[in-house]
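Input: a single structure, listed below in structure tokens.
The values are calculated or read from the model by the stated rules, or taken from the named source; none is laboratory data. Since this is a predicted model, take the numbers as computed values, not measurements. When we count neighbours, we look across all protein chains shown, and the Cβ atoms used for this are built from the backbone with ideal geometry, even at glycine.
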Amino acid sequence: MKEFTSKKKLEKFQLEKLKWTVKQAKKSAYYSKRLKTIKISQVSDIVKLPITTKDDLRSNSPFGLLSVSHNKLSEYHESFGTTGIPVSSLLTKSDFDNYVDQINQCGVEFNEKDVMLVRFPYAISVPAHIIHAAAKEKRACVIPASSRTFVSPHTRIIKLMQKLKVTIFASLPFEAVLLYETARLLGYQPKKDFKTLRAICVAGELLTQGKKELIERLWNCKVYNLYGTTETGNLAATCKKGNLHSSLDHFLFEVVNPKTLEPLPLGKTGILVVTTLTREAMPLIRYNVGDVVKLLPSSVCSCRSINPVLEHFGRIDEVICYGKRMLPLGILEESILNFSKELNSNFWFIILLEDGILVKIEAENPKVRIDSKGVLFELQREIGIPINFELVPKGALFERERLLEVNPVIKPKYITDWRSDGSRPETLDRLMIGYHTFIEPKDR
């Protein structure tokens, strides 16, 4: 991690790295023609460079963006492919080390007393490998539990956490909720029975402030967000004060208008575009990440970092559109979580209808009654779209007994659409297709 004492020193560093990155990118088949006449004299010249899209990466995978010889490659990874054809990510040893450095910018600060359980899949995607290496670099003990398999079902993970006195676990945000539910099924009280747990590191999924606070309440520990992509590395990490700071020693960040792709000023919401500064094998120039974000000045956080705070609102292809109103999933989720807090609800599901939004919420506390008319009025005024809530009993959206099954790794989905072809699932577990039928005996 490179520390900067002033913005002037940071800008000098970024300019040097940007010039190097453009020179390095020109070695690839893809960028050699696109950047042929480009010259960089200041960081603001970045706007002269062409935008790179995910489709560009897909159509030129696996080697079209390669900027080093094959014998310098150290690792190959691919994205999950949840939003389309998987995207290739080629890494040298230096690239992988930089991915690790990006993780260690997180305020969690792994140390030799930590026992960390990694719940990401040790497969072709990258999160498990880099967070494992980051913790090992700080001399922590790592349990490579991987994702849901016949070897590592939810029940076994809870037992490992208990007997090995795990201090940190790393997973998708939704997985942290499922592990909490599994612990309760097994008779544990997570707030009391996992006293060694000091932190949860999450990645790979939208984490709103409301969901962060929910997971912290469930487990009684801090949650640290690691925001990035397989093709770029970790773009931002949560500091000790709980804010997500962008990694300016590895990336240049832009927020652009989703329609015109014109750069927007600090504080405006738009689409994230990043340029790698330290990537050898596959440098990316003005890569359109496809996420809706806002960059705020570092002064909004008291941690003294000079890196801007990043707010993430979800994927641009998950933006809900009704007429001229565009609503990012993250803003809707934040409203839902505020509504569901008093219901002790951990599960909710969005159904997009032709004339508005229906949100189903499991109500674990049926005695609580909310002034729905008042709440709905405030929500509709806030989001500008007709919205209704349906309170359903515990288990209606997610059958807890499924957590005793052995399930494949999948990213969660919270939304179904009236415009979708074919069947339209109305519960979380029906949407999460592919469950195996094997059930682990309860007395094992």
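Just a few scattered comments:
- Extreme residue, farthest from residue 355 (Cα to Cα), among residues of the stretch 316-340 that are surrounded by fewer than 20 Cβ atoms within 10 Å (Cβ to Cβ) and free of Cβ contacts under 8 Å to residues at least 40 places away in the same chain: 319
- For the stretch 286-315, the candidate set comprises residues that are among the β-branched types (Val, Ile, Thr) and modelled with pLDDT of 95 or more; within that set, the residue that is farthest from residue 204 (Cα to Cα) is 300.
- Evaluated against (1) surrounded by 24 or more Cβ atoms within 10 Å (Cβ to Cβ); (2) of a type outside the set (Val, Ile, Thr); (3) touching a His at 6+ places or on another chain (Cβ under 9 Å); (4) without any contact (Cβ under 8 Å) to a residue 60 or more places away in the chain, residue 294 falls short on exactly one condition, (1).
- Candidate set from the stretch 369-413 (those that are acidic (Asp, Glu) and in a loop (DSSP other than H, G, I, E, B)); member that is modelled with the highest pLDDT: 399
- Among the residues of the stretch 149-170, those that are among the aliphatic types (A, V, I, L, M) and in a helix (DSSP H, G or I) comprise 157, 158, 160, 161.
- Qualifying residue in the stretch 69-85 (condition: more than 27 Å from the chain's Cα centre (by Cα), without any contact (Cβ under 8 Å) to a residue 60 or more places away in the chain, assigned by TED's automatic domain parsing to the domain that holds residue 251 and part of a loop (DSSP other than H, G, I, E, B)): yes
- Within the stretch 46-63, the set of residues being assigned to a loop (DSSP other than H, G, I, E, B) and either outside the structural domain of residue 31 (by TED's automatic domain parsing) or touching a Lys or Arg at 6+ places or on another chain (Cβ under 8 Å) (or both) comprises 49, 50, 51.
- Residue match in the stretch 15-26 (condition: acidic (Asp, Glu) and either outside the structural domain of residue 298 (by TED's automatic domain parsing) or assigned to a helix (DSSP H, G or I) (or both)): yes
- Residue ID - nearest to residue 148 (Cα to Cα), chosen from residues in the stretch 414-425 that are modelled with pLDDT of 65 or more and either surrounded by 14 or more Cβ atoms within 10 Å (Cβ to Cβ) or not assigned by TED's automatic domain parsing to the domain that holds residue 332 (or both): 414
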